[in-house]
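Heads up, the thing below is written out as C-alpha cells.
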Amino acid sequence: MKSIPIPLPTSPLKGEGFCSSTLLENIDSPVDLRKLPTEALPQLAEELRTVLVDSVSKTGGHLSSNLGTVELTIALHYVFNTPEDRLVWDVGHQTYVHKLLTGRRDGMSRLRMKGGISGFPRRDESPFDTFGVGHSSTSISAALGMAVAARNQGADRRIVAVIGDGAMSAGQAFEALNNAGVEDANLLVILNDNDMSISPPVGALNKYLARLLSGRTFNAARRVGEKMLSVAPPLLELAKRSEEHVKGMFVPSTLFEEFGFNYIGPINGHDLDSLIPTLQNLRQLTGPQFLHVITRKGQGYKLAEADPVLYHGVSTFDAANGVKSKVGKLTFTDVFGDWLCDMAAADDRLIGITPAMKEGSGMVRFAQTFPERFHDVGIAEQHALTFAAGLACEGAKPVVAIYSTFLQRAFDQLVHDIALQDLPVMLAIDRGGLVGADGATHQGAFDLSFLTAIPNMVVMAPADENECRQMLTTAFRHDGPTAVRYPRGSGTGITPSAELESLPLGKGVLRRQGSKVAILVFGTLLKAALEAAERIDATVVNMRFIKPLDRELLATLAQSHSLLVSIEENAVIGGAGSEVARCLEELGLYTPLVRLGLPDQFIDQGDQAQCLAELGLDADGIIKRIGEFYEQHT
C-alpha cells in the first residue's frame, strides 16, 4: 500500500518526513488493524507518532510514554482479539495509541478536557478499556482476577497486563505476581522497561531466543521432560537448574520464574518483526507468561528522546520547536521545594522522601544539594511512610512529599506506623483539591476527611504562598505527626518571606469583619470568600488549621453571627466543615452552619476554575448558597 510522505516544518521527528495518515484514517477498530499486512505496520507506527505529537501539542498530556509504546500497542491489538481478549494497562497514561486504534481518533482533539476523552483508560468510555486506572501497579492484580474469572467460566480468552518498570517497583505488583504463580491462570504480563536503553544483548541472537523460548515446541518438550524426570526428583531439580543457568546467560534475571512465570526476553519493544511473532507464540501458551520488552520514552521525537522527563506531562506547545520554558507565578510546589532546601540547610536532621515523584513534588534542587539526605523509594507509598517512621524513631526529622491521592494508598501506615506511635513525620501533601485535566483518579478530594479522623495528627491548609512556607516550618518543628496540604498550581502571587517562621498552633486569623454571616475558610478559597464577603458584608476568617481547630475563635464567631459558612476544597462529607459541626456540638453552640465543599461524587476532568464555579465554590456560588439558606429559613 503506497502513501505520499508529507514533511513537518523543521520537524524534530526522525527521518526525512512522515507518511500521510492514509493507514490510520482507515482504522476505526483493531479489526481494521488486523487486515493490514505486517509490512505496513512500520508506516502505521510513523503515522501514529505524527498524530501523537500534533495532538498532544494542542491539548497537552503525556507524550514521552506514549511515543515509547507505539509499536507495542500496535502489536498487542494486531495479535490479540481485543476486546474479547482483555488488555489491562498500568497507570494508563501511555494509552493514547490504544485510544487512536480503538475508535477514538476524533476524540483526541478534546483529550483531557471537560466533556472530552480521558487521558487514562475508563470502562465507561470504551469496551476496549477493560479496567479504569490512573494510579500505578494495579494491572497484574486486575488482570489476574480477569484470568481466574475466564478460567472459572471456561472462556477461551487471553488476558494481558502491560506494566512499566517504575510501576513494577510497587509492592502490589509483586503481591500479584506471587499470587499469579500459584493460580496457574492464563495470564501474560508484559514488562515495558524504558529505564535503560536498548543494549547489545537485544539483538539477533536474543530475538531468536525469545521466539524459541516462547514457541510451543520448546515448551511442549519442556513439559515432556518434566513428566519423564518427575519419577526422579533429583534429576528433575538438576534439569531445572541447568535450564535456569542456560537462560541466565541471555536474560537479565530468573526472578520472575521464581514466581512461577515462564520468562521471555528482553526483546526490542520497537521491533515489530520481533514483537509480533513472539506475542503470537505466547498467545498459544497456557499458564502464567512473562514478556520483558525494552522501549525508549519519546521514541521517534528527538526532543522527547533527549528529555523524556520534560515531555512526560506537557501543556500545549509548538510541535516543531518543542516545549519552551515559561516564567509564571510561583507555584505551591515551588514554595515547598525552596523551603525544603532552606530548612535542610538550617537543620541537618531533615530527611527528604518521595515515592517516585521528585520532579512533580519540587525536590529536584534538594536532591542535587543534599543527595545523602534525599531518598526516592520508588512507587512504594506504604514503604515511604513506614521508612519515614523508622527514621523518626532514631531522631531524624523526615519530610515525605506526596500527592494527595497517592497518600490514600498508605492510609494504614499513616495510622499504624506513624500516628499511633506519635512520631514526628511531616507530610507535604501536594495536589490537594481539584487538579484539572487528570480527572477523578487524581482529584485530592479526601485527604482532609481521613487525616482529621486520625488521633495525634496536626492538619493545616495554607491560603497563600507565604502561609504555606510558614506552615511547612510549623509542621517541621512540631514534635508529632503533621500534614500541610496545598493545591496544584500557583496562588495569589504573594512572595514568601525568606525567614523560617512558625505559626501559633491551632490558631486562625480574622481577615474581614462583617455582620450576620461568618465565612470560615480552609485553604486557598480565601480569595473567593473575601470577594463574596465584600458584596454581602460578611465576616471572613482564615482558619488555617483543620486540626486542632481554633475552638475559641469558633465560639466567638458562633455567638456573634446568625450564620456560619465553612468552605473547603475537599469532600464535604467528613471534611473541615464536619469538624466545625462537631466542635460546635461539643461547645453546646447551635448557630446554623452551611458547609460548602466537594459533593459526594467523583469530580471529572476539566479546568480547575471552571469546575470550582460549577460546584458553587467561587464568589457567586458562595453568595447563592447563603441566599438559599435564608430563603429556606425565613
- Being in contact with a Gly (Cβ under 7 Å, 6 or more places away or on another chain) and in a loop (DSSP other than H, G, I, E, B) is the filter; apply it to the stretch 565-605 and report the residue that is surrounded by the most Cβ atoms within 10 Å (Cβ to Cβ). Gly575
- Residues within the stretch 328-353 that are under 19 Å from the mean Cα position of the chain (by Cα) and either without any contact (Cβ under 8 Å) to a residue 24 or more places away in the chain or open to solvent by 60 Å² or more (accessible area, probe 1.4 Å) (or both), tallied: 0
- Could you list all residues from the stretch 148-185 that are surrounded by fewer than 21 Cβ atoms within 10 Å (Cβ to Cβ), touching a residue at least 12 places away in the same chain (Cβ under 8 Å), within 21 Å of Asn281 (Cα to Cα) and not hydrophobic (A, V, I, L, M, F, W, C)? Arg151, Arg157, Gly181, Asp184
- Checked the stretch 149-188 for anything touching a Leu at 6+ places or on another chain (Cβ under 9 Å) and either in a loop (DSSP other than H, G, I, E, B) or within 13 Å of Arg86 (Cβ to Cβ) (or both); matches are Arg158, Ile159, Val160, Ala161, Val162, Asp165, Ala185, Asn186, Leu187, Leu188
- Of all residues in the stretch 42-90 being surrounded by fewer than 20 Cβ atoms within 10 Å (Cβ to Cβ) and over 28 Å from the mean Cα position of the chain (by Cα), the one that is farthest from Arg158 (Cα to Cα): Pro42
- Counting only strands (runs of 3 or more DSSP E) wholly inside the stretch 354-439, the ones holding at least 2 residues that are surrounded by 24 or more Cβ atoms within 10 Å (Cβ to Cβ) are 397-403, 426-430
- Message: Any residue at all in the stretch 542-557 that's closer than 17 Å to Arg625 by Cβ, under 32 Å from the mean Cα position of the chain (by Cα) and assigned to a strand (DSSP E or B)?
- Response: no
- Query: When you look at Val162, is it over 21 Å from the mean Cα position of the chain (by Cα) and at pLDDT 95 or above, yes or no?
  - Reply: no
- Message: Tell me yes or no: at least one residue of the stretch 254-262 is of a type in the set (Gly, Ala, Ser), open to solvent by 10 Å² or more (accessible area, probe 1.4 Å) and not in a helix (DSSP H, G or I).
- Response: yes
- Item | Near pairs, Cβ below 9 angstrom, 6+ apart or cross-chain, from the stretch 473-484 (among the polar types (S, T, N, Q)) to any residue that is open to solvent by less than 10 Å² (accessible area, probe 1.4 Å) and part of a loop (DSSP other than H, G, I, E, B) | Thr482/Val425; Thr482/Met457
- Note on the structure: Considering residues that are under 15 Å from Gly164 (Cβ atoms) and not in a strand (DSSP E or B), the number found within the stretch 80-95 is 6
- Item | Filter result (free of Cβ contacts under 8 Å to residues at least 60 places away in the same chain, closer than 16 Å to Val377 by Cα and among the small types (Gly, Ala, Ser)) within the stretch 391-434 | Ala410
- Item | Considering residues of the stretch 8-61 that are part of a helix (DSSP H, G or I), acidic (Asp, Glu) and over 17 Å from Tyr301 (Cβ atoms) only, the residue modelled with the lowest pLDDT | Glu25
- Task: Hey, could you check the stretch 440-492 for residues that are assigned to a loop (DSSP other than H, G, I, E, B) and among the hydroxyl-bearing types (Ser, Thr, Tyr) and say which is nearest to Thr405 (Cα to Cα)?
- Result: Tyr486
- Test Ser274 against the stated conditions and say whether it is farther than 28 Å from Gly378 by Cα and in contact with a strand residue (DSSP E or B) (Cβ under 6 Å, 6 or more places away or on another chain). yes
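The values are calculated or read from the model by the stated rules, or taken from the named source; none is laboratory data. Worth saying up front: this structure is predicted, and the values here are computed from it rather than measured. Here Cβ is always computed from backbone atoms with ideal geometry, including for glycine, and neighbour counts include all displayed protein chains. Side chains are part of the model used for accessible areas, which takes the heavy atoms of the whole protein and leaves out ligands, DNA and RNA. Shrake-Rupley method; radii C 1.70, N 1.55, O 1.52, S 1.80 Å.
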